1. Connecting C-alpha atoms closer than 10 Å in a GNM of the chain, tell me which of Asp81, Asp65, Asp73 has the biggest fluctuation.
2. Only sites in a loop by DSSP and with at most 14 other Cβ atoms within 10 Å count here; which GluC sites (Glu not before Pro) in segment 15-123 make the cut?
3. With N set to the residue count of the chain, report its C-alpha Rg divided by 2.2 N^0.38 Å to two decimal places.
4. Can you sort Thr48, Thr107, Thr82, Thr56 from fewest to most other Cβ atoms within 10 Å of each residue's own Cβ?
5. Run the numbers on the chain and let me know its relative contact order in percent, using alpha-carbon pairs under 8 Å that are six or more apart.
6. Between Ala28 and Asp75, what FRET efficiency comes out of the Förster formula 1/(1 + (r/R0)^6) with R0 = 25 Å and r the beta carbon distance, rounded to 0.05?
7. So if we plug the beta-carbon distance of Asp12 and Asp129 into 1/(1 + (r/R0)^6) with R0 = 25 Å, what FRET efficiency do we get, rounded to 0.05?
8. Counting each DSSP H run of 4 or more residues in the chain as -39500 (n - 2.57), what helix-only mean residue ellipticity at 222 nm follows after dividing by all residues, to the nearest 500 deg cm²/dmol?
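What follows draws every value from the coordinates through simple rules; no lab data is involved. Worth saying up front: this structure is predicted, and the values here are computed from it rather than measured. Glycine gets a Cβ as well: all are built from the backbone with ideal geometry, and neighbour counts include every protein chain shown.
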Amino acid sequence: MIELTDIDLDEDGELSAVVSLPGDRQAAVLFALDDDERFDATEMLAITQRALVPLTGEVLDNLEDEIVHELVDSDFEGDADTPEASDYALLAGELDLQGAIVSSDATLVLVYDAPSQYPGLAIYAELDDALAIEVLSVAETDDDEVEQLD
């Protein structure tokens, strides 16, 4: 079972917490409610735990490897140069899980940063039910504009 700590409900009724995940990863968790949704804390905790339990160390490692390859390949798209192993290693070395956003249907979005490669930006990986990346996007941390990667 995934243990959530520092559990809090904000004035809008959204739950936030901290979770420790395999591979010595610690992340902030936000249960995001739509405007018309209302859940009590027990329901939000249960949905959040259900969404996070499948995130084993192997799953997270594979997701992070895919994120690194997608982002580096995207950066080199259209260039005459092709990425080298060191390009992937550089991003892999600093990619850091910062948070997870869980919605009421247990959709999970992992939030990463890579400060020297993507300064001032957050990397969002929305996962499908099989824990595959459905949408990978990069956005300014203080902006709602999101750039999706193809």
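1. Asp81
2. Those satisfying the criteria are Glu37, Glu77, Glu84.
3. 1.09
4. Final ranking by Cβ density, sparse to dense: Thr82, Thr56, Thr107, Thr48.
5. On the way: 244 pairs, mean separation 26.0, N = 150.
After rounding, I find 17 percent.
6. Calculated transfer efficiency: 0.40.
7. E(calc), rounded to 0.05, equals 0.40.
8. -9000 deg cm²/dmol
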